[in-house]
Amino acid sequence: MAIWVMVGATMLTSAIAVASPASARVYIPDYALWDYVGTSYDANNSATSIYNHGVSETAYMYAGDHHSGLLFSIPKGNYNWWLPAGQNDNIESGYYASYN
């Protein structure tokens, strides 16, 4: 399972916003703890688009840490390349359905 998160032209890969695709996760309770690949810039409140690269589950994105304040869900294999106001730069945690 993996979520691809885009910030401008920079891509953060992994399962729901991890620093490396090899570091698969089923949830990230606090995006502030994860940096973009090759940088010290953290993923908290910075996503402008998102892709659920998972093969079996819907992913849920939240405005607060530890799955509080549901923003939206994104089914497996789907993407949103342009997050609307209120969701853009507002994701602080993410979980796959069975770990939510």
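The values are calculated or read from the model by the stated rules, or taken from the named source; none is laboratory data. Computed from a predicted structure; not experimentally measured. What goes into the accessible areas is simple: the full protein's heavy atoms, side chains included, and nothing from ligands, DNA or RNA. Shrake-Rupley method; radii C 1.70, N 1.55, O 1.52, S 1.80 Å.
Sequence-ordered 3J(HN,Hα) estimates for the stretch 72-84 from the Karplus curve with 6.51, -1.76 and 1.60 and θ = phi - 60° stand at 6, 10, 9, x, 3, x, 9, 9, 9, 7, 9, 5, x Hz, glycine and proline given as x.
Under the 0.36 nm per residue contour assumption, what length would be gained going from the current alpha-carbon distance of Ala32 and Asn100 to full extension?
Numbers: separation 68, 0.36 × 68 = 24.48 nm, distance 1.86 nm.
My answer for the length gained is 22.6 nm.
Solvent-accessible area per residue in the stretch 30-100 equals 52 Å², computed with a 1.4 angstrom probe and all protein chains kept.
Taking every Cα-Cα distance in the stretch 39-84 and sorting them into 5 Å bins from zero, the calculated P(r) comes out as 5, 19, 26, 26, 18, 5, 0 percent.
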